[in-house]
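First the structure, which I've put down as structure tokens, then a few questions once you've had a look.
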Amino acid sequence: MQEKPILEIKNLRKKFGEGCDYCLENPKSFKINRCPKCGTVWGCKDVTFEVYPGEILGVVGESGSGKSTMMKCLYFDQDVDGGKGLIAGYESENIFSESSQKRRYIRNNLMGMVYQNPLLGLRLDYTSVGNIAEKLISAGDRNVKNMTDRAKELLTHVEIPLTRMKEFPKNFSGGMQQRVQISKALANNPPILLLDEVTTGLDLSVQAKVLDLIKSIQRDLGVSMIVVSHDLGVIRMLADRTIVMLQGEIIEQGLTDQILDDPQHYYTQQLVHSLL
């Protein structure tokens, strides 16, 4: 693992509500994610972590812990209320303070997002090759042959038959839709990939294929990833390090084996033991 992180997030805040003097000063002063004074809900309370080149960082926690909110903030699907983000090689003092144009550049070139619901990541009325071309066009590519060749390369990598590249993803199974979504996210060779509950709702055999694909992407392409999952088996298989979230906070973090085999926080202990 290299010493310099590829992604650094410091004191990320996201609230749903106006906030008040009490919670704005220190949202960690109350244990729940709802301010007892004004009722503002805090999705992220000063979340801080790093991701290193080629690493998979796992994120676990119960529903409402802030996992998906954090991912949406990282991909600019939601505006943040505070915090700082840095990407290695991209000159910016804070990616969250960038203009909408520069945010689009980051989304199109430096990050890829794979959503739990393929409807959010794919245009189901575009062909598979059309979905990948859309991502390439958004990054400035206008050469049809280049886009077609890149789409073929990516679809082959995720094991989508090229005989079906001009089919609409709405005709595909859930597992195939996720693989098309992964290929679209990888279109512009982003160094960082965000995956939010990508195996939820898939059959076990299909899950295994998607997980093998994610590991092969890490191995072959060296892409850094943040993987959110409620399934600790998925996290154990994929993640080098893991952070545990509860009520919008990171309550524990460390090497994945250490977190799952010897959890220190009482909540992590409950989380692990509930699946034994």
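Looking only at residues in segment 198-210 that are assigned to a helix (DSSP H, G or I) and in contact with a helix residue (DSSP H, G or I) (Cβ under 6 Å, 6 or more places away or on another chain), which one is farthest from Ile137 (Cα to Cα)?
Per the criteria, the residue is Val206.
Could you grab me the full set of residues in segment 142-174 that are among the acidic types (Asp, Glu) and on the phi < 0 side of the Ramachandran plot?
Of everything in segment 142-174, those that are among the acidic types (Asp, Glu) and on the phi < 0 side of the Ramachandran plot turn out to be Asp149, Glu153, Glu167.
Shifting gears a bit: Looking only at segment 1-39, which residues are assigned to a helix (DSSP H, G or I) and surrounded by 15 or more Cβ atoms within 10 Å (Cβ to Cβ)?
Tyr22, Cys23, Leu24, Pro27 - these are the residues of segment 1-39 that are assigned to a helix (DSSP H, G or I) and surrounded by 15 or more Cβ atoms within 10 Å (Cβ to Cβ).
Another one. Just one of the numbered conditions (1) surrounded by 15 or more Cβ atoms within 10 Å (Cβ to Cβ); (2) more than 19 Å from Lys209 (Cα to Cα) is not true of Leu119; which one?
That leaves (1) as the condition not met.
Turning to a different aspect of this structure: Have a look at Ile259, Ile243 and point out the one that is within 21 Å of Ile32 (Cα to Cα) and in contact with a strand residue (DSSP E or B) (Cβ under 9 Å, 6 or more places away or on another chain).
When all the criteria are applied, what remains is Ile243.
Another question about this same structure. Scan (1) of a type in the set (A, V, I, L, M); (2) surrounded by 21 or more Cβ atoms within 10 Å (Cβ to Cβ); (3) in a helix (DSSP H, G or I) for the single condition Leu195 breaks and write down its number.
Only one criterion is unmet by Leu195, namely (3).
Related question: Do we find a residue being surrounded by 19 or more Cβ atoms within 10 Å (Cβ to Cβ), farther than 19 Å from Gly54 by Cβ and among the basic types (Lys, Arg) anywhere in segment 163-183?
yes
Would you say Lys67 is touching a residue at least 40 places away in the same chain (Cβ under 8 Å) and charged (D, E, K, R)?
The answer is yes for Lys67.
Does Val198 qualify as being farther than 11 Å from Ile56 by Cα, hydrophobic (A, V, I, L, M, F, W, C), touching a residue at least 40 places away in the same chain (Cβ under 8 Å) and touching a Pro at 6+ places or on another chain (Cβ under 9 Å)?
The answer is no for Val198.
Same structure again: Among the helices (runs of 4 or more DSSP H) confined wholly to segment 72-182, which include 1 or more residues that are in contact with a Gly (Cβ under 8 Å, 6 or more places away or on another chain) and under 23 Å from Val227 (Cβ atoms)?
So the answer is 118-121.
Return the pairs, sorted by first residue and then second, in which the second residue is assigned to a loop (DSSP other than H, G, I, E, B), the first residue lies in segment 260-276 and is at pLDDT below 95, the beta carbons are less than 8 Å apart, and the residues are 6+ apart or on different chains.
Gln269/Pro263; Leu271/Gly61; Leu271/Glu62; Leu271/Pro263; Val272/Pro263
The values are calculated or read from the model by the stated rules, or taken from the named source; none is laboratory data. Quick caveat: nothing in here was measured; it's all calculated off a predicted structure. In this analysis, Cβ positions are derived from the backbone assuming ideal geometry, glycine residues included, and neighbour counts consider all displayed protein chains.
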